[in-house]
1. For GLU173, only one of the following conditions fails: (1) in contact with a Ser or Thr (Cβ under 9 Å, 6 or more places away or on another chain); (2) outside any loop (DSSP other than H, G, I, E, B); (3) more than 16 Å from ALA141 (Cα to Cα). What is its number?
2. Looking at LEU108, LEU60, LEU50, can you tell me which residue is outside any loop (DSSP other than H, G, I, E, B) and modelled with pLDDT under 80?
3. Among the residues of segment 191-199, are any outside any helix (DSSP H, G or I), surrounded by 19 or more Cβ atoms within 10 Å (Cβ to Cβ) and on the phi < 0 side of the Ramachandran plot?
4. With the structure loaded, tell me whether GLU23 is at pLDDT below 70 and in a loop (DSSP other than H, G, I, E, B) or whether it fails that test.
5. Answer yes or no: is there a residue in segment 129-145 that is touching a helix residue (DSSP H, G or I) at 6+ places or on another chain (Cβ under 7 Å), at pLDDT 90 or above and open to solvent by 70 Å² or more (accessible area, probe 1.4 Å).
6. Given THR73, THR83, which one is polar (S, T, N, Q), open to solvent by 50 Å² or more (accessible area, probe 1.4 Å), free of Cβ contacts under 8 Å to residues at least 60 places away in the same chain and farther than 20 Å from ALA222 by Cβ?
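The values are calculated or read from the model by the stated rules, or taken from the named source; none is laboratory data. Please read all numbers here as calculations on a predicted model, not as lab measurements. Please note: Cβ atoms are built from the backbone with ideal geometry, for glycine as well, and neighbour counts cover all protein chains shown. Ligands, DNA and RNA are excluded from the accessible area calculation, which covers all protein heavy atoms including side chains. Shrake-Rupley method; radii C 1.70, N 1.55, O 1.52, S 1.80 Å.
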Amino acid sequence: TLHCTVKPVCFCDLSHSRTLLSEGVFSLFYFLPSWFYPYLRRENFRRSDLNSAPPTGEPLPDRDRLISRKVSTKLLKSISGRTKVFLSSRKPGGKPYLLGNDHVQFNLSHSYNQSIFGAMPFTPVGVDIEEKNSAVHAISAAEAFLSEAEMAVLDRKPGEKATAALRMWTIKEAFSKVSGRGVYEDFPSLDFSEMAHGVGTMFYNGVYLSSLEIDGAYIAIAAAGRYETIEIWRLCPKPCCIESGGF
């Protein structure tokens, strides 16, 4: 039986937590970059970058990408217990790794104004998040990444076809990130049709996968080792948590 918990947390809370990177636990951190706007050092950006938001469907602005990187780095410090962390990537997928620490396995993803960061001990992981309002893009590209079995399942429920296609995309993205292959994975050869129309968990080719819904977004998590609990941390900043007065 898979257990799922949701907890609000700040960085100060994380430094005292004893459950981070526990065996059999998938730790998933969820946050909006906009929550951190008050703590962003404004001298790093033009005023227009700070005050404007991208139209729906456009990439995150530099401001949000910076915040996502800063938050991820701070999470890695809390999880690893290090004051400094150094990241590297390996081709072909460019998956980030924490240098000198195989204990901490992590992955991150963002969609519009939502970001997630997943971690497990010693177990390669992958995560993906897609806001539901991007379902129209998923259905238009469905034939390029869905298997024939998955297309058949979607065709049986035409009213749910777009959202189901988006869910399948997140699952395949998370799966491909476990190995680090990313977009180099042969997506049409993967078959997750049993997860097309609902939240669920499955085991596929040595990888455990789960599909979730949070705040109008589909989230998929994947790990090369079994997890019995998903701990979802809603990461909210507090002034006491932000280094040197800001990012």
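1. (3)
2. Values: LEU108 fails: modelled with pLDDT under 80; LEU60 fails: outside any loop (DSSP other than H, G, I, E, B).
The match here is LEU50.
3. We begin by selecting, within segment 191-199, every residue outside any helix (DSSP H, G or I); these are 191-192, 196-199.
If we keep only those that are surrounded by 19 or more Cβ atoms within 10 Å (Cβ to Cβ) as well, we get 192, 196.
With on the phi < 0 side of the Ramachandran plot added as a condition, the list becomes 192, 196.
Yes, because at least one residue in segment 191-199 is outside any helix (DSSP H, G or I), surrounded by 19 or more Cβ atoms within 10 Å (Cβ to Cβ) and on the phi < 0 side of the Ramachandran plot.
4. no
5. yes
6. Working: THR73 fails: open to solvent by 50 Å² or more (accessible area, probe 1.4 Å).
The conditions single out THR83.
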